[in-house]
Amino acid sequence: MGRDNRSQHPGQLTARRLKWHTQDDAIILMRTDCPVCRSEGLTSRSRVLVSCGETEVIATLHQIEDEWLALTEAGLSEAAWKRLGAEPGSALKISHAPTLPSLSDVRQRMTGKRLPGDAYDRIITDVAAGLYSDVHLAAFVSTCSTLPLDIHEMTSLTGAMVKVGEQLDWDREMVLDKHCIGGLPGNRTTPIVVAILASLGLIIPKTSSRAITSPAGTADTMETLTPVDLSLSEIRRVVDAEGGCLAWGGAVRLSPADDILIRIERALDIDAEGQLIASVLSKKIAAGATHVVLDLPVGPTAKLRSESDARALAQHMTIVAGEFGLKTRCVFSDGLQPVGRGIGPALEARDVLHVLQRSQNAPPDLRERAISLAGTALELAGTAVPGTGVALAREALDSGSAWTKFQAICAAQGGMREPPRAQQTVPVTAIRAGRLSAIDNRKLSRLAKLAGAPARPAAGLILHKRLGDEVAFGEPVVTIHAEAPGEIAYAMAYAISNADMFTIED
């Protein structure tokens, strides 16, 4: 039962840490009959301004009627606690949150009106400051999807997202970057590309995201090999020493509004073109890139379903990037099936290591795709004349210099470690014999996530068959890796009820 200190000033509450993990949501818990709720007329789900000394945060109010929480206490979620810098018993002042003029801009767009650039500046400034509730964020994300952004709006949104965060300046004429728009399981080319380019003396400060809707992001995979939570000063130190890094972008404030919007997009399963372009390009611009290679996988179950979709996205990306002086090269790649054998952070990390170490176990498709992208980057940078980039990239990989550089980057980031291994594995076998003619990438990704990826780094899938392979009845097509029996059961139940994720023809 909580302490009921009724002698405390009725307009002041004391902070209580609940160790309540709500991701990025700042939440405050108060009793319905506490003095502040009564005097301010606060109700559950109200947005409130919480002050702790000179620090303020906008939080969502949740209420209880139990004496577990004292009348004079306010419980704080971890996000709220950390942002306020609170200590146990800190004095808190709570009042109604101020009105947000930028919400009128969101409402304008919900009625079908396009917004000028200054409106996106207002919206994104408030988003980055944590002033929008999840409801407000969902409204903004949804309206930008229902009425797709035009080129002017894409440019305005991109610029607004850059302005609210930190920006790196490398004082170099040439700073490379590479990005894949996602949607293809196991497509972990980035660590290989960074190692190749850095080994050839190019600058590539790669900041990557964690998984949004996939079983692993580059940051998730790299975290199984080396620390990725680098500060801006640490990123600069690593790049100055080795020419490249492989860091988690969320650890620094490069386009911080993007990380907030991504959380909502993930929940809504929305990845609209305009927001995708602003997300990708704002982080490249903020990271100080001058030249970027963009990998656009195309396939019936990839993010881009057709070549016409890919060409439209490439055109829009190129136009918006050009507005910021960013040179891009778009590569349309095969999105018919996963890349490599592993799907999930640690399993994809092992594929990366096999390629860099020139192992016989290296997946040929991952190796060749990484070489192709690195070759494109070398030609974009002018390091290789057109038509020779692939050969130069292949030599850097085959000579071992890329592997040496990768180890040096990991050492500079805090040391290299062995990826974890799952405690339990179970095969998913073919229900008929024949030739594997199609793979549903989306269902395969869902299967890996049910197994626990990416939250459990060792979880995921190992793919045993590729398109065109002959499959015998009862032969393993994929093996599920998981940490707990329950996760194996969830994944197997899904695999059994979705056997059509693999199409096997006579």
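The values are calculated or read from the model by the stated rules, or taken from the named source; none is laboratory data. Everything numeric in this text was worked out from a predicted model, so none of it was measured. Cβ atoms come from the backbone with ideal geometry, glycine included; neighbour counts cover every protein chain shown. With ligands, DNA and RNA removed, areas are computed over all heavy atoms of the protein, side chains included. Shrake-Rupley method; radii C 1.70, N 1.55, O 1.52, S 1.80 Å.
Observations, loosely collected:
- Sole residue being over 19 Å from Gly340 (Cβ atoms) and either open to solvent by 40 Å² or more (accessible area, probe 1.4 Å) or within 24 Å of the chain's Cα centre (by Cα) (or both), chosen from Glu395, Glu368: Glu395
- Unmet requirement for Asp259, which otherwise passes all of (1) open to solvent by less than 40 Å² (accessible area, probe 1.4 Å); (2) modelled with pLDDT under 95; (3) in contact with a helix residue (DSSP H, G or I) (Cβ under 7 Å, 6 or more places away or on another chain): (1)
- Flag for Arg107 being free of Cβ contacts under 8 Å to residues at least 60 places away in the same chain, part of a helix (DSSP H, G or I), of a type in the set (Lys, Arg) and open to solvent by 50 Å² or more (accessible area, probe 1.4 Å): yes
- Within the set Ala216, Ala247, the sole residue that is surrounded by 21 or more Cβ atoms within 10 Å (Cβ to Cβ), part of a loop (DSSP other than H, G, I, E, B) and within 16 Å of the chain's Cα centre (by Cα) turns out to be Ala216.
- Test: residue in region 161-180 that is within 24 Å of Ser306 (Cα to Cα), in contact with a strand residue (DSSP E or B) (Cβ under 8 Å, 6 or more places away or on another chain), of a type outside the set (D, E, K, R) and open to solvent by 20 Å² or more (accessible area, probe 1.4 Å): yes
- Filter result (outside any strand (DSSP E or B) and surrounded by fewer than 18 Cβ atoms within 10 Å (Cβ to Cβ)) within region 465-485: Arg466, Leu467, Gly468, Asp469, Ala472, Phe473, Gly474, Glu475, Ala484, Pro485
- Checked against (1) at pLDDT below 95; (2) touching a Leu at 6+ places or on another chain (Cβ under 7 Å); (3) not assigned by the TED database to the domain that holds Leu232, Pro185 passes all but a single condition, namely (3).
- Qualifying residues in region 31-70 (those that are closer than 17 Å to Pro88 by Cβ and among the hydrophobic types (A, V, I, L, M, F, W, C)) - the one surrounded by the fewest Cβ atoms within 10 Å (Cβ to Cβ): Trp68
- Residue in region 273-293 that is farther than 17 Å from Thr158 by Cβ and surrounded by fewer than 19 Cβ atoms within 10 Å (Cβ to Cβ) present: no
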